[in-house]
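Data first, discussion second: the structure below is written as structure tokens.
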Amino acid sequence: MRLEGKVAIITGAASGIGAASARLFAEEGAKVCIADVDEEKGRQVALNIDESGSNVIFKRLDITSEDDWASGVNEVLNRFGKLNVLVNNAAAAHYGKVEETTAEEWDHVMAVNGKGTFLGTREVIPHMRRAGGGSIINISSGAGLVGQAWSAAYNASKAAVHLLTKCTAIQYARDSIRANSVHPGAIDTQMLHAGSQEIGDSEASNRPMGRMGTPEEIGYGVLFLASDESSYMTGTELIIDGGKLSGQWRLADTPFGEALMARL
């Protein structure tokens with residue numbers, strides 16, 4: 001049991017990466033709070049994992065609300081007595097270039113992805129310190145590391161998550177609180193499909209492995225960072241993207257690449 005005795009909160013856990021991570025955490029012995037604004041799906045995920053509710057609970061949590069965070073963390077502490085792991089997974093996406101993004105759309109994405117991650121991190125730190133340490137895992141994105149043609153607000157917000165993770169890591173390392181970010185590529189989730197079929201097809205094919213990843217493949221990375229197996233890791237990035245950020249793998253498909261290949 002890789003997480004035996006640990007208590008975790010996972011946001012956005014009603015579906016996708018969050019739900020997959022919650023299942024893996026519970027299988028590895030953790031007590032888990034599934035936090036989401038979607039009550040129906042969130043309660044169903046919790047029920048599917050643990051019908052008794054003794055090890056997995058659901059809490060409605062709007063991650064942009066300070067009051068919701070305080071209430072959610074207190075409920076976990078009252079139920080399980082401590083808090084060891086936070087997975088900041090809940091996110092909002094927006095597909096549009098700079099000129100195509102309204103101020104309202106920008107504010108919404110930044111509030112969910114940036115402010116939500118900040119509020120959750122700030123709320124759990126004192127409780128992790130009292131527990132002797134903990135692990136904060138922030139789900140950023142490949143879009144938080146490089147620019148992309150189809151998004152502005154989403155990329156900027158995920159870059160904020162990336163750098164907040166590093167700040168958290170260096171500020172609280174001496175408290176034995178670790179913070180690491182996970183950077184998924186194209187994952188077969190509702191969020192990706194909410195963009196467009198064209199974006200989904202492009203993201204799936206434009207990577208060396210030639211396919212989308214699964215939520216479970218990200219969940220295993222999250223599980224590793226939550227466990228003591230990663231006890232000497234903090235402030236770093238775990239990229240799980242089918243090889244896309246490894247380099248310009250389709251160089252031959254560019255004019256320069258074609259010319260270069262012709263000379264070889």
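Points to keep in mind about this one:
- Ala92 meets each of the listed conditions (1) open to solvent by less than 20 Å² (accessible area, probe 1.4 Å); (2) small (Gly, Ala, Ser); (3) part of a loop (DSSP other than H, G, I, E, B); (4) within 17 Å of Ala22 (Cα to Cα) apart from (4).
- When the stretch 75-89 is filtered for residues that are outside any helix (DSSP H, G or I) and either modelled with pLDDT under 95 or crowded, with 16+ Cβ neighbours inside 10 Å (or both), the ones remaining, listed by number, are Lys82, Leu83, Asn84, Val85, Leu86, Val87, Asn88, Asn89.
- Taken together, the residues in the stretch 16-55 that are open to solvent by less than 80 Å² (accessible area, probe 1.4 Å), assigned to a helix (DSSP H, G or I), closer than 25 Å to Pro184 by Cα and without any contact (Cβ under 8 Å) to a residue 60 or more places away in the chain amount to 6.
The values are calculated or read from the model by the stated rules, or taken from the named source; none is laboratory data. Here the structure is a predicted model, which is why all the values come from computation and not from measurement. Don't worry about glycine lacking a Cβ; one is built from the backbone with ideal geometry, like all the others, and counts go over all protein chains shown. These accessible areas exclude ligands, DNA and RNA; they are computed on the full protein's heavy atoms, side chains included. Shrake-Rupley method; radii C 1.70, N 1.55, O 1.52, S 1.80 Å.
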